[in-house]
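Written out below as structure tokens is the structure these notes cover.
What follows is calculated from the coordinates using simple rules that are stated; it is not laboratory data. Not measured: the values here are computed from a predicted model. For neighbour counting, all protein chains shown are included, and Cβ atoms are generated from backbone atoms with ideal geometry for every residue, glycine included.
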Amino acid sequence: MTPVKISELETKLFINNEFVDAISGKTFPTINPATEEVICEVQEAGAEDVDKAVAAATAAFQLGSPWRSMAASERGKLIWKLADLMEQHSEYLEELESLDNGKPLGRQGQYGTKVDVALTIAIYRYAAGWCDKITGDVIPVDGNTLCYTRKEPVGVCGCIIPWNFPLAMQSWKLAPALAAGCTVVMKTSEKTPLSALFVSKLIAQAGFPPGVVNTLSGYGPGTGEAIVKHPGIDKIAFTGSTLTATNILKNAGLKRTTMELGGKSPVIVCNDADLDVAVEMCHVGLFLNQGQCCCAGSRVFVQDTIYDAFVKKAATKAQAMKIGAYTEADADHGPQVDDIQFKRVMGYIEKGKSEGAMCVVGGSRHGSKGYFVEPTIFTNVSDDMTIAKEEIFGPVMAVMKFSTDEEVVIRANSTMYGLGAGIMSKNISRALGLANQIRAGSVWINSYDDFSVQAPFGGYKASGHGREKGKEMLDNYLETKCVFVPL
Ligand code: NAD
């Protein structure tokens, strides 16, 4: 473990490659969710700070600036250098992320910040490789005319990210925006500002020109809204809740937007599934990251003939989880990120009980300090119960019974969301047939939560628009210009 020294943490705003004091003069505390103690005070960006960051990003985007004049392959080298620096500091980043967010480190092969940091480094490298491969087309238009398209960076991007995977969420926006040649003003979540500030230090070290990346800490209604409404911003890239997205879309005017939002993802466990694989995948699909995952498989539909056997195995597995702070070497289930999320999840658990679902495992707070919620499984859940309809964003699995494939497809699709889905079956024709009928951006067959950097991720319906990761991620940060030349 690389101990984090609190006195050495970056807590100022990162503008023009420097850590500067907020003009607002305001600060807010960031809390260790395992102990409920304040880690440190972080500076909060106000409207004037946002102006300053947008001015820096605008200057860095001017034609003729070092960034705009840089060869695409050189941009790629800078992004690769950033990935190398992150790798050199990976243990520190794991520790810092776990301290601020609460998630376990993930030793002994379990999920945790080790996985997050590795995936984050991978996406910067993947994006670095794209810089000099962004091409337009030659269009065979009618007449004696040469017509071709150029892909150009969209401009100054306002990126707003959540707290559940702070480093990964920063990278899913920053890596493609930089590969496309944009400049960025990023607001991190007020719940987890620390790791993005450390990465900002590495951005300056890597040698990015000043103003290309600017990182602001602050709250949504203050800092976030000032970014969304700012006339100097060309594009808003947002990840967060569907409710906040609706608000942002109202405020963004005619700016370009991409939205990565919430979910209520179904997992269909067919009677011909390998039961052990199905239990493992449903377990990972829901409990990964304390259930704080946008594509959490929170509605588990199990075919009637294997329902009881599934519930028994799933409950045993959930009960065996070791709950604890990231400082406990063998912990594989940490606290919820803060008091607000803790109360929200506990509220849903109470709602499940009061609406008649049966809590077969968990259902309570763990310990008396820290925001720990026991891994919880409800059975006897019906589609109209609150826990089957609303995004809980916590370790609460709702298990439901189904009889036929026709029935389960209708029920699985009966949600405003469309982010992820799982299908467990050894019959590949059946699984592929079901996959085609599910309206979701990612479908995992006999697996769950495969987050390969090469594969696009995003939502149907109220789960958002646009795709992150994969080559589609570049589209979020590019304009298409069409040039006509009569010959
Ligand atoms: P949130 O919507 O509360 O906040 C997200 C970000 O938006 C934060 O930085 C917040 O400060 C900011 N914000 C809040 N109000 C704002 C406003 N009025 N204007 C501008 N910015 C504002 O979401 P959260 O609690 O941080 O994250 C959880 C949500 O994110 C869940 O719904 C989850 O499903 C979703 N999520 C989606 C993905 C995905 O890729 N689809 C990934 C991770 C999380």
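Roughly what % antiparallel, to the nearest 5, for the DSSP beta bridges in the range 76-220? Walk me through the intermediate numbers first.
Details: 2 of 11 bridges.
In the range 76-220, DSSP labels about 20 percent of beta bridges as antiparallel.
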If you stretched the chain out fully between Q319 and S382, how much longer would it get, using 0.36 nm times the residue separation minus the C-alpha to C-alpha distance?
20.4 nm
Sorted peptide list for 275-286, 152-163, 135-146, criterion being average Cβ within 10 angstrom, highest first:
152-163, 275-286, 135-146
For the chain, share of DSSP beta bridges that run antiparallel, in % to the nearest 5:
45 percent
With Cα coordinates, the longest principal axis of the chain makes an angle with the long axis of helix 339-354, in degrees rounded to 10, of 30 degrees
Based on the mean of other beta carbon atoms within 10 Å per residue, what is the order of 438-448, 185-195, 244-254, most packed first?
185-195, 438-448, 244-254
Taking the mean number of other Cβ atoms within 10 Å as a proxy for protection, how do you rank 305-315, 171-181 from highest to lowest?
171-181, 305-315
Let me see the pair-distance distribution of the range 245-354: every alpha carbon pair, 5 Å bin width, integer percents in order.
2, 10, 14, 18, 18, 14, 10, 7, 4, 3, 0
Given Cβ point charges of +1 (Lys, Arg) and -1 (Asp, Glu) and nothing else, what value in debye, to the nearest 20, does the dipole of the range 252-348 about its Cα centre take?
520 debye
Vicinal HN-Hα couplings computed from phi for the range 90-102 (Karplus, 6.51 cos²θ - 1.76 cosθ + 1.60; Hz; Gly/Pro x):
5, 5, 5, 4, 4, 5, 5, 4, 5, 4, 7, 9, x
Cut-off 14 Å (backbone N to label point 7 Å along Cα→Cβ of R107), residues of the range 1-31:
1-3
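Once the mean 1/r over all distinct Cα pairs of the range 209-303 is inverted, what Kirkwood radius in angstroms do you read off?
On the way: mean 1/r = 0.0616 Å⁻¹.
Across the range 209-303, the inverse of the average 1/r is 16.2 Å.
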Counting sequence-distant residues (5 or more places) and residues on other chains, those with an amide H built under 5 Å from that of E44 are K26, T27, F28
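Dividing the convex hull volume of the alpha carbon atoms of the chain by its residue count, what do you get in Å³ per residue?
Working: hull volume 72.1 nm³, N = 487.
It is 148 Å³ per residue.
Output the relative contact order of the chain, whole-number percent, from Cα pairs under 8 angstrom with separation of 6+ residues.
Numbers: 1139 pairs, mean separation 87.3, N = 487.
About 18 percent, as a whole number.
For the chain, with only Lys/Arg (+1) and Asp/Glu (-1) charged at the beta-carbon, what is the dipole magnitude about the Cα centre, in debye rounded to 20? Could the numbers behind the result be given before it?
Numbers: 47 positive and 55 negative charges, 149 e Å.
Result for the chain is approximately 720 debye, rounded to the nearest 20.
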With everything on Cα atoms, drop me the angle between helix 72-88 and the longest principal axis of the chain, reported from 0 to 90° to the nearest 10.
50 degrees
Which log10 I(q)/I(0) values does the range 327-479 give at q = 0.21 Å⁻¹ under the Debye formula, counting every alpha carbon as one identical point scatterer?
-1.33
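Size of the dipole of the range 380-452 about the Cα centre, Lys and Arg at +1 and Asp and Glu at -1 on the beta carbon, nothing else charged, in debye to 20? Numbers along the way, then the final one.
Details: 6 positive and 9 negative charges, 40 e Å.
Taking the Cα centre of the range 380-452 as origin, the dipole is about 200 debye.
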Please name whichever of Q88, G76, I123 sits farthest to the positive end of the charge dipole of the range 1-144, dipole taken about the Cα centre and charges placed at Cβ: Lys and Arg +1, Asp and Glu -1.
G76
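Projected area of the range 134-258, taken from the Cα convex hull and averaged over every viewing direction, in nm²?
On the way: hull surface 38.4 nm².
Result: 9.6 nm².
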Suppose we keep just the alpha-carbon trace of the range 14-65; what are its Rg and Dmax in angstrom?
15.0, 50
Considering only L419, A179, N289, whose Cα is most displaced toward the positive end of the charge dipole of the chain, charges sitting on Cβ of Lys, Arg (+1) and Asp, Glu (-1)?
A179
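Express in nm, to one decimal, how much length is gained between M358 and A59 on full extension, taking 0.36 nm for each residue of separation and deducting their alpha carbon distance.
Details: separation 299, 0.36 × 299 = 107.64 nm, distance 5.86 nm.
Full extension of this stretch gives 101.8 nm more.
How much FRET efficiency would the formula 1/(1 + (r/R0)^6) give for L487 and R68, where r is the Cβ-Cβ distance and R0 is 41 Å, rounded to 0.05?
Details: r = 30 Å, r/R0 = 0.73.
Once the sixth-power term is evaluated, E becomes 0.85.
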Hey, rough spin-label estimate for S368 and K312, points 7 angstrom out along Cα→Cβ, what's it come to in nanometres?
3.8 nm
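Greater than 29 Å separation of Cα atoms is the criterion. Which listed pairs, K255/K389; K103/K313; K187/K351; K201/K461, meet it?
Numbers: K255/K389 32 Å; K103/K313 25 Å; K187/K351 33 Å; K201/K461 37 Å.
Flagged as over cut-off: K255/K389; K187/K351; K201/K461.
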What are the residues whose amide H is under 5 Å from the amide H of I445, where those residues sit 5 or more places off or on another chain and H is modelled from the backbone?
I423
Quick one: what are the phi-derived ³J(HN,Hα) couplings along the range 153-158, Karplus 6.51/-1.76/1.60 with θ = phi - 60°, whole Hz, x for glycine and proline?
x, 5, x, 8, 9, x
